[in-house]
Amino acid sequence: MKNSSTQDERIAKMSFASIYPHYLAKVQKKGRTKEELHRVIKWLTGFDDKKLNQFIDEKTTFETFFKKAKLNPNAHLITGVICGIRVEEIKNPLTQKVRYLDKLVDELAKGKALEKILRK
């Protein structure tokens, strides 16, 4: 599967609020908590619970969400495959950030220890 500009545009316009419930359901189904999910999101973006809830209430797009984020300086250490694409090879910066988040949520759902997910 190739990453196209059409897909990049679709991801940019997608609201964080529309995806967040899927993230939460995915991790809770595997025995993880909302608090752990928020900790992972905070590590990547710097957003606290209040700010996350604001983005959800406002139906903020991923484009705006990541424009306002202070990406963790160790985010580049997130590697692996998500949706058939290696995250470290994604050319579009916004799409790469969204896939970083997807990868972290996947790792949390798969039972990986938080200390390993929150790369140092």
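The values are calculated or read from the model by the stated rules, or taken from the named source; none is laboratory data. None of these values were measured; they are calculated from a predicted model. Virtual Cβ from ideal backbone geometry, glycine too; neighbours counted across all protein chains shown. Ligands, DNA and RNA are stripped out before the accessible areas are found, and what is left, the full protein with its side chains, is counted by its heavy atoms. Shrake-Rupley method; radii C 1.70, N 1.55, O 1.52, S 1.80 Å.
Suppose every K and R has +1 on its Cβ and every D and E has -1 on its Cβ; what is the size of the dipole of the chain about the Cα centre, in Debye to the nearest 20?
Taking the Cα centre of the chain as origin, the dipole is about 200 debye.
Using only the heavy atoms of the protein chains and a 1.4 Å probe, how would 42, 29, 34, 120 rank by accessible area, largest first? Could you put the intermediate results ahead of the total?
Working: 42 110, 29 165, 34 85, 120 190 Å².
Ranked list, largest accessible area first: 120, 29, 42, 34.
Do me a favour and compute the ellipsoid semi-axes for the chain from its Cα gyration tensor, root of five times each eigenvalue, largest one first, whole Å.
Ellipsoid half-lengths, sorted descending, are 20, 18, 14 Å.
Leaving out ligands, DNA and RNA, and with a 1.4 Å probe, what % of the accessible surface on the chain is carbon or sulfur?
So the carbon and sulfur contribution to the accessible surface is 52 percent.
Under a GNM of the chain (C-alpha, springs under 10 Å), which listed residue has the highest mean-square fluctuation: 50, 67, 59?
50
If each of residue 39 and residue 54 carries a label point 7 Å out from its Cα toward its Cβ, how far apart are those two points in nm?
Result for the modelled spin labels: 2.4 nm.
Between residue 113 and residue 71, what is the spin-label point distance in nm, taking each point 7 Å from the Cα along the Cα→C-beta axis?
For residue 113 paired with residue 71, the spin-label model returns 2.8 nm.
Can you tell me the relative contact order of the chain? Whole percent, Cα pairs under 8 Å, sequence separation 6 or more.
RCO, the chain: 35 percent.
With N set to the number of residues, divide the alpha-carbon radius of gyration of the stretch 29-69 by 2.2 N^0.38 Å and report two decimals.
Computed over Cα atoms of the stretch 29-69, the ratio equals 1.20.
Please compute the Kirkwood hydrodynamic radius of the stretch 50-104 from all pairs of different C-alpha atoms, in Å with one decimal.
Mean inverse Cα-Cα distance, inverted, gives 12.0 Å.
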